[in-house]
Amino acid sequence: MPERKAQILIVDDHPALRYALARMIEHEPDLEVCGQADGVTQAFRLMASMSPDLVLVDISLRDGHGLDLIKDLRAGKTPPRILVVSNHDEASYAERALHAGAHGYVTKSAAPAEIVQAIRKVLEGDVYVSRQTAMRLLGDMVGSRPQPGKSPEQILSDRELQVFEFLGQGLNSKEIGERLMLTSKTIDSHRENIKDKLGINSGNELIVRAVLWVHHR
């Protein structure tokens, strides 16, 4: 009897990127894509009918946020292994993804061989991040790095950073609320907290700062 292939669920809101990841995985003799989802709702619908060994999660999703999906998956009775595969800068999101419960982080710009290596490492029970991120996290643990400056990813909560990023993408409070399944009033509260933490005085300044951060990370 042939050896069972590791079952992988891909969660990404870009059809072309899902297709590329699936094609790459299907070329590996020990790996198999068991399903593809474009967002949180579809991901949980598929999770109810299958038991993937690994879920590949993007940070930005059609109907939610990857960090929230990771936390929800980890809260299940039989949580799968989780690897973030994203275009988002690793320095901004890798540590947050690990804290949320992911077992690794690799960027979509990485070579196919590196993405496959990350998949196998996580399936084997290891944690995968780039060498640069590993050294930075180790530096944090031993206290060898200086105190971080006040960049958004360093001082905002997960939810605040999500709102800040969506603002930088041009979404208003109502649209962000729909993405994160929160009320506009809650989003406005997060906006005020972000302004306080970043020392921003006006709504317009907040938008400008968010746009600059999104496009210059």
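The values are calculated or read from the model by the stated rules, or taken from the named source; none is laboratory data. Everything quoted here is computed from the prediction, not taken from an experiment. A quick note on method: Cβ atoms are made from the backbone with ideal geometry, for glycine too, and the neighbour counts reach across all protein chains shown.
Yes or no, residue by residue, for (1) in contact with a helix residue (DSSP H, G or I) (Cβ under 6 Å, 6 or more places away or on another chain); (2) closer than 23 Å to residue 16 by Cα; (3) modelled with pLDDT under 90:
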| site | (1), (2), (3) |
| --- | --- |
| 44 | no, yes, no |
| 54 | yes, yes, no |
| 69 | yes, yes, no |
| 84 | yes, yes, no |
| 95 | no, no, yes |
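The combined condition, being at pLDDT 80 or above, in the same structural domain as residue 30 (by TED's automatic domain parsing) and of a type in the set (A, V, I, L, M), is fulfilled by residue 119. Screening the candidates 67, 61 for the property of being among the aliphatic types (A, V, I, L, M), farther than 22 Å from residue 126 by Cβ and assigned by TED's automatic domain parsing to the domain that holds residue 10 yields one hit, 61. Output the residues belonging to the stretch 159-182 that are in contact with a Gly (Cβ under 8 Å, 6 or more places away or on another chain) and small (Gly, Ala, Ser). Correct list: empty.
Conditions (1) of a type outside the set (Gly, Ala, Ser); (2) touching a Cys at 6+ places or on another chain (Cβ under 7 Å); (3) buried (at least 19 other Cβ atoms within 10 Å of the Cβ); (4) in contact (Cβ under 8 Å) with a residue 12 or more places away in the chain, marked per residue:
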site	(1), (2), (3), (4)
161	yes, no, yes, yes
167	yes, no, yes, yes
172	yes, no, no, no
177	no, no, yes, no
181	yes, no, no, yes
186	yes, no, no, no
189	no, no, no, no
194	yes, no, yes, yes
208	yes, no, no, no
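Given the conditions (1) in a helix (DSSP H, G or I); (2) touching a Lys or Arg at 6+ places or on another chain (Cβ under 9 Å), and given that residue 182 satisfies all but one, which numbered condition is not satisfied? Unmet for residue 182, out of (1) in a helix (DSSP H, G or I); (2) touching a Lys or Arg at 6+ places or on another chain (Cβ under 9 Å): (1). For the stretch 127-147, does any single residue satisfy the condition of being modelled with pLDDT of 90 or more and surrounded by fewer than 18 Cβ atoms within 10 Å (Cβ to Cβ)? No - not one qualifying residue is present in the stretch 127-147. Of all residues in the stretch 172-206, those satisfying the criterion of being within 25 Å of residue 86 (Cβ to Cβ), out of contact with any helix residue (DSSP H, G or I) (no Cβ under 6 Å at 6 or more places or on another chain) and not polar (S, T, N, Q) are 175, 178, 179, 180, 181, 182, 191, 198.
Take residue 39 and decide whether it is among the small types (Gly, Ala, Ser) and within 23 Å of residue 162 (Cα to Cα). So residue 39 fits the description; yes.
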